[in-house]
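Engineer: Dumping the structure here so I can ask a few things about it.
The values are calculated or read from the model by the stated rules, or taken from the named source; none is laboratory data. Treat the numbers as computed from the prediction; the structure is a model and nothing was measured. Positions of Cβ are generated from backbone atoms using ideal geometry, with glycine treated the same way; all protein chains shown enter the neighbour counts. We work out accessible area using only protein heavy atoms, side chains counted, and drop any ligands, DNA or RNA first. Shrake-Rupley method; radii C 1.70, N 1.55, O 1.52, S 1.80 Å.
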Amino acid sequence: TTTIIGYFLLIIFSAPFRATWQTLVAALTVSCFRIFSGGAHATAPIRCSLIGVIILVPIGILAKTIGLFLSFYILILHFGIFVIGLIVIYRYVPADTPGKPINSAVQKKYLRGLSYTILVGWFLGIYICFYKRIGLESGFIVASILGMCWQVYTLTPKGYGTYKFFDDLLKIIYERRL
């Protein structure tokens, strides 16, 4: 979800659960990394936004609900996502799509380097926030970690398959309504 409509839908659907800020933290984490790393996409922008709602609103709710209870495990989860992210970047980034292929070796190297930089910056930022206890009680740290987990997953072949599943499901739902 990187569009204004996508963010608007996230706000609408997360508000009844009082998890809007946590959902937006997860979405911003995904968006900031996704710009440079790439990842799976739906075949239509609205379906991409709806997949964002399907995934990110529960992440926001989960982060708000269990964020404080996970405080002992946050650093383990954080470090695990970081290490997995490094491996996934090495293997799959930049993750292009047929509609937006990346053909230049120079551009691929540049985007991979930026992805590493953003991942390291995110890792250090979350680490500092954890130790300064910024965003811990509100679930913001957990929301960001889970958002990064989702984004890293969408870079993998399994992530592309999951995205395709949701895209196809939303197509079927839309076609049956017509």
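Engineer: So, for the chain, what is the accessible surface per residue at a probe of 1.4 Å, expressed in square angstrom? Please list the in-between numbers first.
Structural biologist: Numbers: 10060 Å² over 178 residues.
Per-residue accessible area for the chain comes out at 57 Å².
Engineer: Something else now. Quick one: which of 111-122, 52-63, 95-106 comes out on top by average Cβ neighbours within 10 Å, and what's the full order, highest first?
Structural biologist: 52-63, 111-122, 95-106
Engineer: Just name one of Val88, Cys48, Ile102: the one whose Cα is farthest towards the positive end of the charge dipole of the chain (beta-carbon charges, Lys/Arg +1, Asp/Glu -1).
Structural biologist: Positive-most Cα among the choices belongs to Ile102.
Engineer: Rank these residues by their accessible area, most exposed first, probe 1.4 Å: Arg47, Arg34, Arg91, Arg18.
Structural biologist: Numbers: Arg47 40, Arg34 20, Arg91 155, Arg18 185 Å².
So, going from the largest accessible area down, we get Arg18, Arg91, Arg47, Arg34.
Engineer: Could you look at region 1-157 and say what percent of its accessible area is carbon and sulfur, using a 1.4 Å probe and all protein chains? Mind dumping the intermediate values first?
Structural biologist: Values: 6150 of 8300 Å².
Heavy-atom surface of region 1-157 belonging to carbon and sulfur, 1.4 Å probe: 74 percent.
Engineer: A further question on this structure: Length gain on complete extension for the stretch Asp168 to Ile11, per 0.36 nm per residue less the alpha carbon to alpha carbon distance? All intermediate terms of the calculation are to be shown ahead of the outcome.
Structural biologist: Details: separation 157, 0.36 × 157 = 56.52 nm, distance 2.43 nm.
Full extension of this stretch gives 54.1 nm more.
Engineer: Which whole-number percentage describes the relative contact order of the chain, with Cα contacts under 8 Å and a sequence gap of 6 or more?
Structural biologist: Computed value for the chain: 36 percent relative contact order.
Engineer: If Phe8, Phe69 are ordered by their accessible area, calculated over protein heavy atoms with a 1.4 Å probe, which sequence runs from highest to lowest?
Structural biologist: Phe69, Phe8
Engineer: Here is a follow-up. Given the pairs Lys108/Lys158; Lys109/Lys132; Lys64/Lys108, which span a C-alpha to C-alpha distance of over 32 angstrom in this model?
Structural biologist: Exceeds cut-off: Lys109/Lys132; Lys64/Lys108.
Engineer: While we're here: Quick one: how many Å² of Ser14 are accessible to a 1.4 Å probe, rounded to 10?
Structural biologist: Roll a 1.4 Å probe over it and Ser14 shows about 0 Å².
Engineer: Further question on the same structure: Excluding same-chain residues fewer than 8 positions from Lys164, which lysines have a Cα within less than 19 Å of its Cα?
Structural biologist: Lys100
Engineer: Turning to a different aspect of this structure: State which helices in the chain qualify, where a helix is a whole DSSP H run, it must extend 24 Å or more along its own axis by its Cα atoms, and its mean Kyte-Doolittle hydropathy must be at least -0.5.
Structural biologist: Helices passing the filter in the chain: 20-37, 45-66, 71-92, 105-132.
Engineer: Would you calculate the volume per residue, in Å³, of the smallest convex hull containing every Cα atom of the chain?
Structural biologist: With only Cα atoms used, the chain gives 109 Å³ per residue.
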